[in-house]
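Worksheet for the structure shown next.
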Amino acid sequence: AQSVSQHNHHVILSEAASLELGCNYSYGGTVNLFWYVQYPGQHLQLLLKYFSGDPLVKGIKGFEAEFIKSKFSFNLRKPSVQWSDTAEYFCAVTGALSGGYNKLIFGAGTRLAVHP
Amino acid sequence: ETGVTQSPTHLIKTRGQQVTLRCSSQSGHNTVSWYQQALGQGPQFIFQYYREEENGRGNFPPRFSGLQFPNYSSELNVNALELDDSALYLCASRFDREVAFFGQGTRLTVV
């Protein structure tokens, strides 16, 4: 079955530190990849997405992610985090063979805390 | 603000009862999906409706059912509630294969 693994459940950083959150998926077909963020008390918001083309994707708020097909990975990066980046981050995938492009399959999430 | 609204925001029910959760999709979106997010986990796909027909379902029992209305609003119904049904229920809407936009969720507590 298709699955998504996020390597870190909790990450604690100081402001201005660099961030990399790992995401691996188990799926051999064509996929669309997403990173969503959930700020405290708010709804899930799309940070960035990859459908095709340039594997380095830039999203909102200075985030970027790189799709490495050979490693089935889609890691999220930010060169310098801010206190306001404190949130939970979810990697998600959808694909043609997961019952169509019907469902997003999410990882368990990574809770990021940024200290001033 | 995503344009997807859910009601109620919080709900407490007793085991064995039935519950209906509601979602109003973003204007122009023809597809709505429902997800269950248990504490400490990522959202799990329940089912999806496209133009009022269910066209995808996750590993949830039949006591989880839904409806989509002509105005693309939607309901999630859960019968015979169990303690493990306690979770945040998320509604997401989109147009065809475009990106899904999520509502703020309904927090259901079953006691």
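Filtering segment B:15-51 to residues that are assigned to a loop (DSSP other than H, G, I, E, B) and farther than 28 Å from A:H9 by Cβ leaves B:R15, B:G16, B:Q17, B:Q18, B:S25, B:Q26, B:S27, B:G28, B:H29, B:N30, B:R51. For B:F45, the criteria (1) touching a Ser or Thr at 6+ places or on another chain (Cβ under 7 Å); (2) open to solvent by 70 Å² or more (accessible area, probe 1.4 Å); (3) closer than 29 Å to A:Q6 by Cα hold in every case but one, which is (2). Taking B:I12, is it more than 19 Å from A:Q45 (Cα to Cα), within 12 Å of chain A (Cβ to nearest Cβ) and either assigned to a strand (DSSP E or B) or open to solvent by less than 40 Å² (accessible area, probe 1.4 Å) (or both)? No, not satisfied.
Which fully enclosed strands (runs of 3 or more DSSP E) of segment A:1-57 have 2 or more residues being away from every other protein chain (no Cβ under 11 Å), among the small types (G, A, S) and in contact with a helix residue (DSSP H, G or I) (Cβ under 9 Å, 6 or more places away or on another chain)?
Numbers: elements: A:3-6, A:10-14, A:19-21, A:23-26, A:31-38, A:44-50.
Counting at least 2 such residues, we get no strands (runs of 3 or more DSSP E) at all.
With segment B:72-111 as the region, which strands (runs of 3 or more DSSP E) entirely inside it contain at least 1 residues that are modelled with pLDDT under 95, open to solvent by 20 Å² or more (accessible area, probe 1.4 Å) and within 14 Å of chain A (Cβ to nearest Cβ)?
Counting at least 1 such residues, we get B:87-94.
The values are calculated or read from the model by the stated rules, or taken from the named source; none is laboratory data. Only a predicted model underlies this, so the values are computations on that prediction, with no experimental measurement involved. Note that we place each Cβ from the backbone using ideal geometry, even for glycine, and neighbour counts take in every protein chain shown. Just the protein is used for accessible areas: all its heavy atoms, side chains included, with ligands, DNA and RNA removed. Shrake-Rupley method; radii C 1.70, N 1.55, O 1.52, S 1.80 Å.
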